[in-house]
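Asks: Below are the structure tokens for one structure; questions will follow.
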Amino acid sequence: MRFHELIVNILRTEGPRGFYRGLSPGILRHCIYSTSRILLYEKLRSEMAQRRGSEAALYQKALIGGASGLLGQALASPADLVKVRMQADGRNVARNLPARYSGIADAFTKIVRSDGFLGLYAGLGPNLTRAALVNIGELTAYDSAKHFLLGKGYPDNVGVHAGSAFISGFFATLLSCPADVVKSRIMADGSGMYRNMLDCLLVTVRQEGVLALYKGFLPSWIRLAPWQLTFWVVYEELRKLSGMKSF
């Protein structure tokens, strides 16, 4: 289904509220994920810079970004699972079937009851892979783009932050889209169709071709772009107000 067809279908079957399905676990996930990854990235980057006596190298930022994403996503994975499952409920609603979950608490309870506590970590492998790739794109690209622009003489202002955020969102989407497709399919499945991350990857490519791994690239970028812009601009302004140095 094409992007515009998907929008029309959601509006027709669920109404405007359908676009916000899974909002509460999505907010919970970001509170856990974003806080932990940003704090860890800054700490590791600062320590690396002190050891080098200069700014961390690009490959070092990439490694730090990937590691930060792994930790943040490991902590937030249960909330991410619930978000994906609640969003997938839209298919049931479109078929006039009852949704599996009435809310975030109901989703957590039913998943633990049916699959055990470890059921909350279904899809952890692709989830961690995606998070590492996203953060290499997000944190490393933003950090590097911003320092490149500052080095060219541009002032450390909202314009530089917004431009760096745009670059960050593009590279984060480009790197993470294949893992995101695999992660979403495994987490939304719930029937054991895929044995593991590699199996899902191979089945997807075999049945739909390599380009299937980039299904949803545009909506993913559209989702990441405003998030990146909002997050980085607000984050930088809050740092400035609190008297902290720029990111």
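Asks: Identify, by number, the condition in (1) over 16 Å from TYR33 (Cα atoms); (2) in contact with a helix residue (DSSP H, G or I) (Cβ under 7 Å, 6 or more places away or on another chain); (3) not hydroxyl-bearing (Ser, Thr, Tyr) that ILE136 doesn't meet.
Replies: (1)
Asks: Collect the residues in the stretch 96-108 that are among the aliphatic types (A, V, I, L, M), within 25 Å of VAL8 (Cα to Cα) and surrounded by 11 or more Cβ atoms within 10 Å (Cβ to Cβ), keeping them in residue-number order.
Replies: Across the stretch 96-108, the qualifying residue is only ALA99.
Asks: Scan the stretch 203-221 residue by residue and report those that are without any contact (Cβ under 8 Å) to a residue 40 or more places away in the chain, surrounded by 14 or more Cβ atoms within 10 Å (Cβ to Cβ) and part of a helix (DSSP H, G or I).
Replies: Matches in the stretch 203-221: VAL203, THR204, VAL205, ALA212, LEU213, TYR214.
Asks: What's the number of the only condition in (1) under 22 Å from PHE148 (Cβ atoms); (2) crowded, with 16+ Cβ neighbours inside 10 Å; (3) of a type outside the set (Asp, Glu); (4) modelled with pLDDT under 90 that VAL93 fails to meet?
Replies: (1)
Asks: Can you work out which of the residues in the stretch 169-202 that are of a type in the set (Ser, Thr, Tyr) and in a helix (DSSP H, G or I) is surrounded by the most Cβ atoms within 10 Å (Cβ to Cβ)?
Replies: Taking the candidates together, the pick is THR173.
Asks: Given (1) buried (at least 20 other Cβ atoms within 10 Å of the Cβ); (2) within 20 Å of the chain's Cα centre (by Cα), identify the lone condition not met by ILE111.
Replies: Result: ILE111 fails condition (2) only.
Asks: Something else about it: What number goes with the only condition from (1) more than 22 Å from MET187 (Cβ to Cβ); (2) part of a helix (DSSP H, G or I); (3) within 22 Å of the chain's Cα centre (by Cα) that LYS240 does not pass?
Replies: Result: LYS240 fails condition (3) only.
Asks: Right, LYS110: among the basic types (Lys, Arg), within 29 Å of LYS43 (Cα to Cα) and not in a loop (DSSP other than H, G, I, E, B) or not?
Replies: Spelling it out, it is not the case that LYS110 is among the basic types (Lys, Arg), within 29 Å of LYS43 (Cα to Cα) and not in a loop (DSSP other than H, G, I, E, B).
Asks: Could you list, ordered by first residue, the pairs with Cβ atoms under 8 Å in which the first is in the stretch 36-47 and in contact (Cβ under 8 Å) with a residue 12 or more places away in the chain and the second is of a type in the set (Phe, Trp, Tyr) and surrounded by fewer than 18 Cβ atoms within 10 Å (Cβ to Cβ), at least 6 apart or interchain?
Replies: ILE38/TYR235
Asks: Residue check: is GLY22 in contact (Cβ under 8 Å) with a residue 12 or more places away in the chain, within 24 Å of ALA99 (Cβ to Cβ) and not basic (Lys, Arg)?
Replies: Criteria met by GLY22.
The values are calculated or read from the model by the stated rules, or taken from the named source; none is laboratory data. Remember, predicted model here, so these are calculated numbers, not experimental data. Virtual Cβ from ideal backbone geometry, glycine too; neighbours counted across all protein chains shown.
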